[in-house]
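In what follows, a single structure is set out as structure tokens and then discussed.
The values are calculated or read from the model by the stated rules, or taken from the named source; none is laboratory data. This one's a predicted model, so the numbers in the text were calculated from it and none came from an experiment. Heads up, the Cβs are rebuilt from the backbone with ideal geometry, glycines too, and the neighbour counts pull from every protein chain shown.
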Amino acid sequence: MKKCLSLLALIGLLALPGGNVAAAKKKTTRLKPYSWTSEVELLKRVDLLPLYRDGMVEQVSSYDPTGGNEDGFAGKYSYIRKEGDKLVLAELEGPGVIQRIWTPTPTDDMLEFYFDGEQTPRLRLRFSDLFSGKVYPFVKPVCANEIGGYYCYVPIPYAKSCKIVFCGKKIMFHQFQYRSLPGYDVKTWTGEFTPGERDMLASVCRVWSEISPACTDYAVGQSEGARLVEKRFTLLPGDETVFFEQRKGGRIAGFEIDGGASFEGFDRDVLLCARWDDDTRPAIHAPLADFFGYAYGKKAMRSMLIGCRGDVNYCYLPAPFDARSELKLRYVVREGARQNPIQVTTRVWVNDRARDIRTEGRLYTAWRREINPAKGEYYKFLSKEGRGHYVGTVHQAQGFLAEMTGFFEGDDSTYMDGKMRLHGTGSEDYYNGGWYAMLDRWDRGVSLPLHGSLDYSLPMARTGGYRFYMNDKLSFEREFYMGIEHGPSGNEYPVDYTSVAFFYGETPATECMEPTQRLRTVCIPDRHTFYPQAMRLSLGNNAQVRFGDFPRGMTVSSRGTGLVRVLLEDVPEGRYRIYFDYYAKPNGAEFSVWQRQGMLSDWRSSKAQTEKLVSRFYAGDIVLTPQTNSVSFQIRGNNYRSEFEFANIYLERIPE
């Protein structure tokens, strides 16, 4: 009887329009709902971060597939093909949504988006207007520029396909990040927006504009109804203090730790630890300063999710658990050092909504530090098996050569479920930045809602960045790997990298590094280079300065005796030998070198019949303190006709 019914059913299906079972299944398959409003809302719904999500995030970028560093400088790999006098940048199969667009080199050439095989672009605008805030809905601060990079997080959905075309002769660096949406009922971009859609985008912009985020800002959905648990205690060396524990299912909506300035400094001896349920490995096990985005002993990060607000260290990443949770601080004893007691206040917001094990992951981190990673190998942020999604990276990068921060040229690379899905175009590019060592680009620490620069110091050869994922979190079903190069190519640059990777999943990271005393100590280089384009100057006595193109230096001229003072910032106090480069040339002036009112080198002529570079001229020994961290050049001019051009300044620490 069952066989007869099956046969009759099959005959009925074949009689449907289209004449096959597949057509019938296609008609009866119910697509999952998807809307532009819900996609935009993800940019502020922190409470939804634990939710698993289907659909793979991938990226089209201008990276050099040969492994070199031609990631956009010449534009060789910045397009797929030419169509007439236009450049095709990407061809994406739908349904899907573009979630992030980045470039450090926008132009006023037109950018066209062709949807679903159409011959006319529905979206056409200047490339620069994706970020300018002049064209709706590409509004600030979700579309803007800072730290040298231009970024756009306004979602651009497509039902069948999207072709992106650049109407110019040359495009340089770019990244287009998108998410596939199989099984979703996606409506293609129209450029028309309802009042509700406009209101949602405006509410996201308000959240992103908040400079002092609070846990209550995200107290919606599963994070609603959280009660505050507060604790005050003194943390002594050797102590291990549990500041929150719950023996039933629930959800930590966020927590704060206030220790004043006690967590700053070169010794990162306070560890933050967490454990969920029956896990045999810790969920969080990291120096507190690294977790909250300190940069080399100083508070630095202030994102909408994690960072420092005054003396308060905050984390608003939700942490659901099944039956048990524990948060604690460990104050590790440091051999041969005096450690002071720390007065601590903690605040934890928690409710009793246990994790839905079918749809949510638990919050985990992976702290790592490698001093001189192996040559030829990427530095690893996270390698993980199982199901989950990646939501953030905090990264400190110290170079061991006293030169330009070339180690930050390395590309990031991400593999999910056995395939490389994202490949970047440079380290600062991964953090939505660009153009390090250039004024008002990647030249200092700047915090934005989801990304930023932690620090930038040429004399210390160090920098760092952070990036968090909201609507574009990186989902995986079986395995995940993310790493970054150290150096422009070949992973050959000697570095000291520290990172914290944030993800949600079923189990902790399998590779849990122990923060030993050596790994908890900030590295202090003993050689430093100051480059002209990043020097802080003061001029006196009619001195005039002009800068040459890199690698030339700065040229000083004056009427009579002029003075140029250079601040030697960032370098720790101590005794140093000081050297500098200068150019001897036919119109060279006389110069002498001073520290405050003390002469280091006597008057010397920079005049020569033909121009030549005098490298590493020894000026003398100096003592650097916060009050004496400068060096001055005095110039004897001749009505501005004589000039003195100097370039890099070098410091070498004198051993005690």
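Of all residues in the stretch 236-251, those being in a strand (DSSP E or B) and either out of contact with any Phe, Trp or Tyr (no Cβ under 7 Å at 6 or more places or on another chain) or of a type outside the set (V, I, T) (or both) number 8. Checked against the criterion of being within 17 Å of S303 (Cα to Cα) and of a type outside the set (A, V, I, L, M, F, W, C), the candidates G452, G410, G483 yield just one match: G452. When the stretch 119-131 is filtered for residues that are within 16 Å of I98 (Cβ to Cβ) and either out of contact with any Phe, Trp or Tyr (no Cβ under 6 Å at 6 or more places or on another chain) or not charged (D, E, K, R) (or both), the ones remaining, listed by number, are P121, L123, R124, L125, F127, D129, L130, F131. Of all residues in the stretch 76-92 being without any contact (Cβ under 8 Å) to a residue 40 or more places away in the chain and more than 24 Å from A159 (Cα to Cα), which is surrounded by the fewest Cβ atoms within 10 Å (Cβ to Cβ)? Taking the candidates together, the pick is G84.
Tell me which residues, restricted to the stretch 625-635, are in contact with a strand residue (DSSP E or B) (Cβ under 6 Å, 6 or more places away or on another chain) and of a type outside the set (S, T, Y). Result: V631, F633, Q634, I635.
Looking at Y63, is it farther than 30 Å from I357 by Cβ, at pLDDT 95 or above, surrounded by fewer than 20 Cβ atoms within 10 Å (Cβ to Cβ) and under 25 Å from the mean Cα position of the chain (by Cα)? So Y63 fails the test. Residue count for the stretch 518-552 under the criterion of being loosely packed, with under 15 Cβ neighbours inside 10 Å, assigned to a loop (DSSP other than H, G, I, E, B) and of a type outside the set (F, W, Y): the result is 9. Of the residues examined, P508 is not one that is in a loop (DSSP other than H, G, I, E, B) and within 30 Å of I654 (Cα to Cα).
For D279, indicate whether it is in a loop (DSSP other than H, G, I, E, B) and in contact with a strand residue (DSSP E or B) (Cβ under 9 Å, 6 or more places away or on another chain). When the stated conditions are applied, D279 passes them. Taking first residues from the stretch 47-60 that are crowded, with 21+ Cβ neighbours inside 10 Å and partners that are of a type in the set (D, E) and in a strand (DSSP E or B), the Cβ contacts under 8 Å between residues at least 6 apart in sequence or on separate chains come to P50/E360. Residues considered: R338, R369, R353. Of these, the only one that is assigned by TED's automatic domain parsing to the domain that holds R520 and part of a strand (DSSP E or B) is R369. Tell me, yes or no, whether the stretch 187-208 has at least one residue that is over 17 Å from R251 (Cα atoms), within 24 Å of the chain's Cα centre (by Cα) and in a loop (DSSP other than H, G, I, E, B). No - not one qualifying residue is present in the stretch 187-208.
For every residue, the table says whether it meets (1) part of a helix (DSSP H, G or I); (2) touching a His at 6+ places or on another chain (Cβ under 7 Å).
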{"residue": "L422", "(1), (2)": "no, no"}
{"residue": "T425", "(1), (2)": "no, no"}
{"residue": "E428", "(1), (2)": "yes, no"}
{"residue": "N432", "(1), (2)": "no, yes"}
{"residue": "R444", "(1), (2)": "no, no"}
{"residue": "Y456", "(1), (2)": "no, no"}
{"residue": "P459", "(1), (2)": "no, yes"}
{"residue": "G464", "(1), (2)": "no, yes"}
{"residue": "Y481", "(1), (2)": "no, no"}
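Could we say that R179 is of a type in the set (K, R), under 29 Å from P318 (Cα atoms) and touching a residue at least 60 places away in the same chain (Cβ under 8 Å) here? In short, yes. The set of residues in the stretch 386-431 being aromatic (F, W, Y), surrounded by 22 or more Cβ atoms within 10 Å (Cβ to Cβ) and either in contact (Cβ under 8 Å) with a residue 60 or more places away in the chain or closer than 17 Å to S180 by Cβ (or both) consists of Y390, F407, Y431.
Each row is one residue, and each column tells you yes or no for (1) assigned to a strand (DSSP E or B); (2) out of contact with any helix residue (DSSP H, G or I) (no Cβ under 8 Å at 6 or more places or on another chain); (3) buried (at least 17 other Cβ atoms within 10 Å of the Cβ).
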{"position": "R334", "(1), (2), (3)": "no, yes, no"}
{"position": "V344", "(1), (2), (3)": "yes, yes, yes"}
{"position": "W349", "(1), (2), (3)": "yes, no, yes"}
{"position": "R358", "(1), (2), (3)": "no, yes, no"}
{"position": "Y364", "(1), (2), (3)": "yes, yes, yes"}
{"position": "K375", "(1), (2), (3)": "no, yes, no"}
{"position": "F381", "(1), (2), (3)": "yes, yes, yes"}
{"position": "K384", "(1), (2), (3)": "yes, yes, yes"}
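Taking the stretch 584-622 on its own, how many of its residues are β-branched (V, I, T) and exposed (fewer than 13 other Cβ atoms within 10 Å of the Cβ)? The number of residues fulfilling the criteria is 1. Taken over the stretch 93-122, the residue count meeting the criterion of being under 13 Å from G168 (Cβ atoms), aliphatic (A, V, I, L, M) and surrounded by 21 or more Cβ atoms within 10 Å (Cβ to Cβ) is 1.
Of all residues in the stretch 387-420, those satisfying the criterion of being touching a Ser or Thr at 6+ places or on another chain (Cβ under 6 Å), in a loop (DSSP other than H, G, I, E, B) and small (G, A, S) are A402, G410. Within the stretch 607-630, being hydroxyl-bearing (S, T, Y) and farther than 16 Å from N648 by Cα holds for T610, T625, T628.
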